[in-house]
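Taking it in order: structure first as structure tokens, then the write-up.
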């Protein structure tokens, strides 16, 4: 991971999104530290959790069991389980308690960033799933003006609950439950689409420029 690239995403994409998507009282509660640390934890969590099952005495992968739903569910698992893991580290005193103030608001803002990748892409599907689940849990709240905010009394339990749901689907390889779960939650609801329509002038992502590589190509064509 290149930290300067993540900083560019935070400055050019996340901050502008926060000014439109978030309720005014929450806009100051996003931070690059929370953004970058959550991305790092997402990648760590990608390497954890169920990978194989034993079925009729034979090993079968979770990917084989969940088929077309696997990639998006894995991205959702890494996101929300990463959030749960960071809270666990905060509670244990491994991470500074101050991060808790910005962690969930930054995650909410980043969910809008990711859902803009679209429902034909695993990260976009995963973001939609998380947003809808947390909306149903009333952990994400939509105001009359269409902006989003957190219910701090509900977000931790909702994150824990979604983490359990996704890990259980993977651990059991339950394709029917995976199909039902994705059909219910991997959609863009009107409240989310209304915000997305207001973000059209904000870039979806950035394109890194590798200046050293370009210079080497010029020097050694």
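The values are calculated or read from the model by the stated rules, or taken from the named source; none is laboratory data. From a predicted model like this one, the values you see are computed outputs, not experimental measurements. A quick note on method: Cβ atoms are made from the backbone with ideal geometry, for glycine too, and the neighbour counts reach across all protein chains shown.
Considering only residues that are in contact with a helix residue (DSSP H, G or I) (Cβ under 8 Å, 6 or more places away or on another chain) and surrounded by fewer than 17 Cβ atoms within 10 Å (Cβ to Cβ), which ones fall in the stretch 177-187?
Listed by number, the residues that qualify are 177, 179, 184, 187.
Pull up the stretch 97-135, narrow it to residues that are in a loop (DSSP other than H, G, I, E, B) and touching a helix residue (DSSP H, G or I) at 6+ places or on another chain (Cβ under 7 Å), then point me to the one that is farthest from residue 24 (Cα to Cα).
Result: 119.
What number of residues within the stretch 178-221 satisfy the criterion of being over 30 Å from residue 2 (Cβ atoms), in a helix (DSSP H, G or I) and either within 19 Å of the chain's Cα centre (by Cα) or at pLDDT below 95 (or both)?
Within the stretch 178-221, residues that are over 30 Å from residue 2 (Cβ atoms), in a helix (DSSP H, G or I) and either within 19 Å of the chain's Cα centre (by Cα) or at pLDDT below 95 (or both) number 8.
Return the residue satisfying two criteria in turn: it lies in the stretch 137-149 and is in contact (Cβ under 8 Å) with a residue 24 or more places away in the chain and either touching a strand residue (DSSP E or B) at 6+ places or on another chain (Cβ under 7 Å) or assigned to a helix (DSSP H, G or I) (or both), and of such residues it is surrounded by the fewest Cβ atoms within 10 Å (Cβ to Cβ).
143
Looking for something surrounded by fewer than 20 Cβ atoms within 10 Å (Cβ to Cβ), touching a helix residue (DSSP H, G or I) at 6+ places or on another chain (Cβ under 6 Å) and either part of a helix (DSSP H, G or I) or free of Cβ contacts under 8 Å to residues at least 12 places away in the same chain (or both) - is there at least one such residue anywhere in the stretch 72-80?
The answer is no, given that none of the residues of the stretch 72-80 is surrounded by fewer than 20 Cβ atoms within 10 Å (Cβ to Cβ), touching a helix residue (DSSP H, G or I) at 6+ places or on another chain (Cβ under 6 Å) and either part of a helix (DSSP H, G or I) or free of Cβ contacts under 8 Å to residues at least 12 places away in the same chain (or both).
Whether any residue in the stretch 160-177 is more than 20 Å from residue 69 (Cα to Cα), within 15 Å of the chain's Cα centre (by Cα) and touching a residue at least 12 places away in the same chain (Cβ under 8 Å) is what I want to check.
Yes, that holds for at least one residue.
Do the conditions hold for residue 89, that is, is it surrounded by 14 or more Cβ atoms within 10 Å (Cβ to Cβ), on the phi < 0 side of the Ramachandran plot and without any contact (Cβ under 8 Å) to a residue 60 or more places away in the chain?
It is true that residue 89 is surrounded by 14 or more Cβ atoms within 10 Å (Cβ to Cβ), on the phi < 0 side of the Ramachandran plot and without any contact (Cβ under 8 Å) to a residue 60 or more places away in the chain.
Within the stretch 152-176, work out how many residues are touching a helix residue (DSSP H, G or I) at 6+ places or on another chain (Cβ under 9 Å) and closer than 29 Å to residue 194 by Cα.
Summing the residues that are touching a helix residue (DSSP H, G or I) at 6+ places or on another chain (Cβ under 9 Å) and closer than 29 Å to residue 194 by Cα in the stretch 152-176 gives 12.
Does the stretch 118-130 contain at least one residue that is under 17 Å from residue 22 (Cβ atoms) and touching a strand residue (DSSP E or B) at 6+ places or on another chain (Cβ under 6 Å)?
No; the residues of the stretch 118-130 include none that is under 17 Å from residue 22 (Cβ atoms) and touching a strand residue (DSSP E or B) at 6+ places or on another chain (Cβ under 6 Å).
Somewhere in the stretch 49-66, is a residue within 28 Å of residue 206 (Cα to Cα) and either under 19 Å from the mean Cα position of the chain (by Cα) or at pLDDT 95 or above (or both)?
Scanning the stretch 49-66 turns up no residue that is within 28 Å of residue 206 (Cα to Cα) and either under 19 Å from the mean Cα position of the chain (by Cα) or at pLDDT 95 or above (or both).
Going residue by residue through the stretch 46-66, is there one that turns out to be free of Cβ contacts under 8 Å to residues at least 24 places away in the same chain, within 21 Å of residue 101 (Cα to Cα) and surrounded by 13 or more Cβ atoms within 10 Å (Cβ to Cβ)?
No, because not a single residue in the stretch 46-66 is free of Cβ contacts under 8 Å to residues at least 24 places away in the same chain, within 21 Å of residue 101 (Cα to Cα) and surrounded by 13 or more Cβ atoms within 10 Å (Cβ to Cβ).
Name the single residue that is farthest from residue 120 (Cα to Cα) among those in the stretch 150-159 being surrounded by fewer than 19 Cβ atoms within 10 Å (Cβ to Cβ) and touching a residue at least 24 places away in the same chain (Cβ under 8 Å).
Here the answer is 152.
Could you grab me the full set of residues in the stretch 21-38 that are assigned to a helix (DSSP H, G or I) and crowded, with 17+ Cβ neighbours inside 10 Å?
Within the stretch 21-38, 21, 26, 32, 34, 35, 36, 37, 38 qualify.
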